[in-house]
Amino acid sequence: MARIHKLNVKSIYMGRLKRGDDLLEAITKVCRENGISLGRVEAIGAVEKATLGYYDQAGKEYEYFTVDTPCEITSLLGNISLRDGEPMVHAHLTLAGRDGAVFGGHLASGTKVFACEIVLETFDGPEFKRGFDEETGLALWEI
Ligand code: ZN
């Protein structure tokens, strides 16, 4: 059975990140500095390079790949919850190159911002904490 909680929207933050920022670290920093531990994030913009992950379900580990070419962020979607008592941003990124072909994956450190506009929505509700899930090998919500 799905594990679902009803939450209420609290606040919306909207802004832009700096050129040269590490995308994942910059969003995490915004959360830390504003006391955000429950919410969702979306963004568009462009990156100078990216590091993305693909979860190998059989091997239960992430495989990372790097894209060393400037790309459009056609979509960043993610959420914010708690891991080990700290805000953790879990985001997936879809990028497009010069020819418009898209690809994507799990956002990892090492993704360098060229320009990025973010909208962050925070919620009131019970804490969402991540813990190790034996079945998948992932840090999933224990709700
Ligand atoms: Zn992911």
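Every number here is computed from the coordinates shown, using simple stated rules; none is lab data. As the structure is a prediction and not an experimental result, all values here were calculated from the model.
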For the stretch 46-55, in order, what is each residue's ³J(HN,Hα) by Karplus, 6.51 cos²θ - 1.76 cosθ + 1.60 with θ = phi - 60°, in whole Hz (x at glycine and Pro)?
8, 10, 7, 7, 9, 10, 10, x, 10, 8
Residues whose modelled amide H sits under 5 Å from the amide H of Leu38, counting only those 5 or more places away in sequence or on another chain, are Phe123
Pull up the cross-link candidates among the lysines for Lys10, meaning alpha carbon to alpha carbon under 29 Å and not fewer than 8 places away within one chain.
Lys18, Lys29, Lys129
With a ≥ b ≥ c from the Cα gyration tensor eigenvalues, square-rooted, and the rule rounded for a/c under 1.5, otherwise prolate when a/b > b/c and oblate otherwise, the stretch 4-82 is oblate
Using only the Cα atoms of the chain, build the gyration tensor, take square roots of its eigenvalues as a ≥ b ≥ c, and label the shape rounded, prolate or oblate: rounded if a/c is under 1.5, else prolate if a/b is larger than b/c, else oblate.
oblate
Classified through the alpha carbon gyration tensor (a ≥ b ≥ c as square roots of its eigenvalues; rounded if a/c is under 1.5, else prolate when a/b is larger than b/c, else oblate), the stretch 13-53 comes out prolate
